[in-house]
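J.: Take this structure, written in structure tokens, and hold onto it; I'll ask about it next.
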Amino acid sequence: MEPVKTKMNKKFWSSNKSSVRDEGGPSVGQWEIRPGGMLVQKRSSDMNPSSVSTPTIRVRVKYGSSYHEISISSRASFGELKKKLAEPTGLHPEEQKLIFKNKERDSKAFLDVSRVKDGSKIILVEDIENKERRCLEMLRNANVQKVSKSLTEINSEVNKLEERVIALEQTASRLGKVQEMDVEILIEMLMTKLIQLDGIAAEGDLKQQRRMQVRRVQKNIETLDMVKLQSANSSSIEGKTHSQRQGNSTIDKSMPILKPQNKGNYNEKKPFLQKTLNHSESIVVTTKWETFD
């Protein structure tokens, strides 16, 4: 059995709903409770706009020594009013403070809920802290865009240089040597990119991108150093081989052809043979040989 009080509440609520429907007012589902416990009609886009008329009011906004009259819906928010004030005052909505009845109003608060009526006076002051914060944010965003653009440009240039490094490396593997001047020019160009990357101050993800670019450039420089060393070793081997061949050819030409001598003449020719052998030994001693793996 339900308590008597509960039955009375149900009866009262039922009678209220029927009276609202009889009077042609908004249904129960069209009401909502605002902060503070105030019961107001819902601001829903699904409602028929022709069924409820929205009054327009004119408010006077004082900014410094100037007054601005703004026409706006009575159900608009203070944030919407700030947007309308941005053009005549030159202040960004985030740089504005609206004071009504000696109290700063939040951008999400509604005019009608705050008792703003036609002809009400509102004071606008500049929010210095928000303005400074916004300026810093704009500078930070501009710096991020600048750093991102610089890294993109350097990455594109390093891509082209890396293709040339790969081509030189393939040439060195195929022929054993490359032009030293080509290697030096590429190393110098990559060092320039390394200096440019060192001068970029980045944070967060951009800092990580910069670090990866630095490692990439350093790796290409190391590759060119190896190509240069390989080419130098190859040239050194070829030069020494050529010198050895020339030395052997000189020795062969300087050595006289010895013909067999009779036993009787051996002692007579012995001084000459000894002199020739001494000459040959001196050449062999002064020639240094190297063995390469």
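J.: Take Val178 and decide whether it is more than 29 Å from Ile70 (Cα to Cα), within 38 Å of the chain's Cα centre (by Cα) and not in a helix (DSSP H, G or I).
T.: So Val178 fits the description; yes.
J.: Check Val178 against each of (1) out of contact with any Ser or Thr (no Cβ under 7 Å at 6 or more places or on another chain); (2) surrounded by 13 or more Cβ atoms within 10 Å (Cβ to Cβ); (3) over 30 Å from Leu85 (Cβ atoms) and name the one condition it does not meet.
T.: Failed condition: (1).
J.: Within the range 127-143, work out how many residues are in contact (Cβ under 8 Å) with a residue 24 or more places away in the chain and either loosely packed, with under 14 Cβ neighbours inside 10 Å or of a type in the set (Lys, Arg) (or both).
T.: 2
J.: Now for a separate question. Based on this model, can you work out whether Ile72 counts as in contact with a Ser or Thr (Cβ under 8 Å, 6 or more places away or on another chain), assigned to a strand (DSSP E or B), of a type in the set (Val, Ile, Thr) and modelled with pLDDT of 65 or more?
T.: Yes; evaluated as a whole, the condition is true for this residue.
J.: Look through Leu151, Leu139 and report the one residue that is touching a helix residue (DSSP H, G or I) at 6+ places or on another chain (Cβ under 7 Å) and either in a helix (DSSP H, G or I) or not hydroxyl-bearing (Ser, Thr, Tyr) (or both).
T.: Testing whether each residue is touching a helix residue (DSSP H, G or I) at 6+ places or on another chain (Cβ under 7 Å) and either in a helix (DSSP H, G or I) or not hydroxyl-bearing (Ser, Thr, Tyr) (or both) leaves just Leu151.
J.: Taking the conditions exactly as written (assigned to a loop (DSSP other than H, G, I, E, B) and over 20 Å from Thr56 (Cα atoms)), does Leu124 satisfy them or not?
T.: Considered against the rule, which asks whether it is assigned to a loop (DSSP other than H, G, I, E, B) and over 20 Å from Thr56 (Cα atoms), Leu124 comes out as no.
J.: Of the numbered conditions (1) under 24 Å from Gln209 (Cβ atoms); (2) at pLDDT below 95, Glu153 fails exactly one; give the number of that condition.
T.: (2)
J.: Considering only residues that are of a type in the set (A, V, I, L, M, F, W, C) and farther than 11 Å from Leu111 by Cα, look in the range 66-98 and name the one that is nearest to the chain's Cα centre (by Cα).
T.: Restricting to residues being of a type in the set (A, V, I, L, M, F, W, C) and farther than 11 Å from Leu111 by Cα, the top hit is Leu91.
J.: So, one more: Among (1) modelled with pLDDT of 95 or more; (2) of a type in the set (A, V, I, L, M, F, W, C); (3) crowded, with 17+ Cβ neighbours inside 10 Å, where does Met191 come up short?
T.: Status for Met191: all satisfied but (3).
J.: Let me spell it out: the conditions are (1) at pLDDT 95 or above; (2) surrounded by 12 or more Cβ atoms within 10 Å (Cβ to Cβ); (3) of a type in the set (S, T, N, Q), and Thr171 meets all of them except one. Which number is the exception?
T.: (1) is the only condition that Thr171 fails.
The values are calculated or read from the model by the stated rules, or taken from the named source; none is laboratory data. As the structure is a computational prediction, the values presented were derived from the model and not from experiment. Heads up, the Cβs are rebuilt from the backbone with ideal geometry, glycines too, and the neighbour counts pull from every protein chain shown.
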